Amino acid sequence: MNDENQPKVRFKGFTDPWEQRKLGKYFLERNTRAAIGNLISVTINDGVVEAKSIKRKDNSSRDKSNYKQVKINDIAYNSMRMWQGASGVSQFDGILSPAYTVLIPQVNVDSRFFGYSFKRRKQLNVFQKYSQGLTSDTWNLKYPQLKQIDFFAPSVSEQKKISELLNSFDHLIAANQDKLDQLKEVKKLLMLKIFDQQWRFSGFTDPWEQRKLSEVTVRVKSYSLSRSNETYEQTGTKYIHYGDIHTGVAQDVRDENKLPNIIPGDYEQLQQFDIIVADASEDYEGIAEPAIITTNPINRIVSGLHTIALRPDKTDGRYIYYLLKSRKFKHYGYKVGTGMKVFGITFSNLGRFAFFLPDYTEQKGISKILLNLENLIAANQDKVDQLKEMKKWLMQNMFV
């Protein structure tokens, strides 16, 4: 038996080798025209969707008399972007720009099976090979070329088993992504209401006191890496770079583990709950983006290039961290951030940020609920990522 004609993973009871045929044997081209109907679009990420469901400028022609008709279970694809995965199975009847190609499934063809296979990297490479054009901007895969492509497929019953399994993963991923998005919205709402003092814990009635950031934190001496001809040696000292903050890595440090052989006292070691702020960004959103040291560092870790390190003074570090993540601080950062190609904020401007601060017990309560919500978001993100990885593995192993 030829292993090349069988996938690595199969459902129990299926042992026959997959049959190789031209795609033209599985699909014919639909060229019927219709001026009236549900206008649809083809996207890379979501496949065939209703045009009204996506937020983009309507570029459709007023005269739609030449638009192509699409039926349920047809596969529609963007001829110029088929090699990038711009295809999908239609879940509804509609009309589509004549620039697209519409495929009609023949007998013993499960469209969803082919729809999933058409998204695989191996298959996209084949589509790219058969596309005509001199550059990627002009590559075009019309039906006459597509129908000549060799394709392995099992019996229609096995096709349906595979597509049903992958479809169930899609539903699981979508449901968990919805939950994740809702949790993020809850956190955003909580931060808005809490820092505006619209919501408070029961039993806390004392007014919040106005403070400046410089009054509740002290600056930790950081080390700005020089671009001069210093000799770099393995010193065992790691540093947090502004790039680590912009990529959302709160506790990770530079892998290089290299610093100049500096004299002790030129910097201070970071401690648990120290806050590191990026003082430069290519856009306003990244100005003074904070990160927090959540564990007590064992090795020497310092704050490096384009960072400002702050140590909470008689305040809850997590509370200050969440405050700097809030919309209230972002608005302040917009006002004081200056620059042309790169926007920046100085330590003195950072220290002038004024806000209202509750007592320490209430600070701890606020940071605890936000931390719990963050952990819940992280757990759901992990679940979504795991489901995507499982689907990716199935896509790699359930097709020839």
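The values are calculated or read from the model by the stated rules, or taken from the named source; none is laboratory data. From a predicted model like this one, the values you see are computed outputs, not experimental measurements. Because the Cβ atoms are built from the backbone with ideal geometry, glycine has one as well, and the counts that use them run over all protein chains shown. SASA here: full protein model, heavy atoms, side chains in, ligands and nucleic acids out. Shrake-Rupley method; radii C 1.70, N 1.55, O 1.52, S 1.80 Å.
For this structure, a couple of remarks:
- Checklist (1) over 23 Å from LYS184 (Cβ atoms); (2) open to solvent by 80 Å² or more (accessible area, probe 1.4 Å); (3) not hydrophobic (A, V, I, L, M, F, W, C) applied to ASN375, failing item: (1)
- SER60 vs. criteria open to solvent by less than 40 Å² (accessible area, probe 1.4 Å), at pLDDT below 95 and assigned to a loop (DSSP other than H, G, I, E, B): yes
- Odd one out for PHE353 among (1) in contact with a strand residue (DSSP E or B) (Cβ under 7 Å, 6 or more places away or on another chain); (2) among the aromatic types (Phe, Trp, Tyr); (3) free of Cβ contacts under 8 Å to residues at least 24 places away in the same chain: (3)
- Elements of type helices (runs of 4 or more DSSP H) contained in the range 99-153, each with 1 or more residues being of a type in the set (Lys, Arg), modelled with pLDDT of 95 or more and open to solvent by 20 Å² or more (accessible area, probe 1.4 Å): 111-117, 121-130
- Tally, over the range 24-48, of residues that are of a type in the set (Ser, Thr, Tyr) and either loosely packed, with under 15 Cβ neighbours inside 10 Å or under 25 Å from ASN108 (Cβ atoms) (or both): 2
- Scoring GLY37 on the criteria (1) touching an Asp or Glu at 6+ places or on another chain (Cβ under 7 Å); (2) under 26 Å from LYS147 (Cα atoms) leaves a single failure, condition (2).
- Answer residue from the range 54-109, given it is polar (S, T, N, Q) and in contact (Cβ under 8 Å) with a residue 40 or more places away in the chain and is nearest to LYS25 (Cα to Cα) among those: GLN106
- Selection count where residues are farther than 20 Å from THR205 by Cβ and open to solvent by 80 Å² or more (accessible area, probe 1.4 Å), scope the range 359-372: 1
- Applying a threshold of 9 Å to beta carbon distances and a minimum spacing of six or more residues, or different chains, the list of pairs starting in the range 362-389 at a residue that is hydroxyl-bearing (Ser, Thr, Tyr) and ending at one that is assigned to a helix (DSSP H, G or I) reads SER367/GLY317; SER367/ARG318; SER367/TYR319; SER367/ILE320; SER367/TYR321; SER367/TYR322.
- Strands (runs of 3 or more DSSP E) fully within the range 258-335 counting 2 or more residues that are under 21 Å from SER214 (Cβ atoms) and at pLDDT 85 or above: 275-278, 290-292, 307-312
- Failed item in (1) in contact (Cβ under 8 Å) with a residue 60 or more places away in the chain; (2) closer than 22 Å to TRP83 by Cβ, with ASN5 passing the rest: (2)
- Residues in the range 175-184 that are open to solvent by less than 50 Å² (accessible area, probe 1.4 Å) and either of a type in the set (A, V, I, L, M, F, W, C) or at pLDDT below 95 (or both): LEU180, LEU183.
- Among the conditions (1) of a type in the set (Val, Ile, Thr); (2) within 37 Å of the chain's Cα centre (by Cα); (3) loosely packed, with under 13 Cβ neighbours inside 10 Å, THR15 misses just one, which is (2).
Rundown of residues vs (1) among the aliphatic types (A, V, I, L, M); (2) within 30 Å of ASN380 (Cβ to Cβ), yes/no style:
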| site | (1), (2) |
| --- | --- |
| PRO105 | no, no |
| VAL109 | yes, no |
| TYR116 | no, yes |
| GLN132 | no, no |
| TYR143 | no, no |
| LEU146 | yes, no |
| PHE151 | no, no |
| PHE169 | no, yes |
| ILE173 | yes, yes |
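- The C-beta contact set for the range 144-169 (first residue closer than 15 Å to GLY24 by Cβ and of a type in the set (S, T, N, Q), second residue open to solvent by less than 50 Å² (accessible area, probe 1.4 Å) and part of a helix (DSSP H, G or I), distance under 9 angstrom, 6+ apart or interchain) comprises GLN148/LEU23; GLN148/GLY24.
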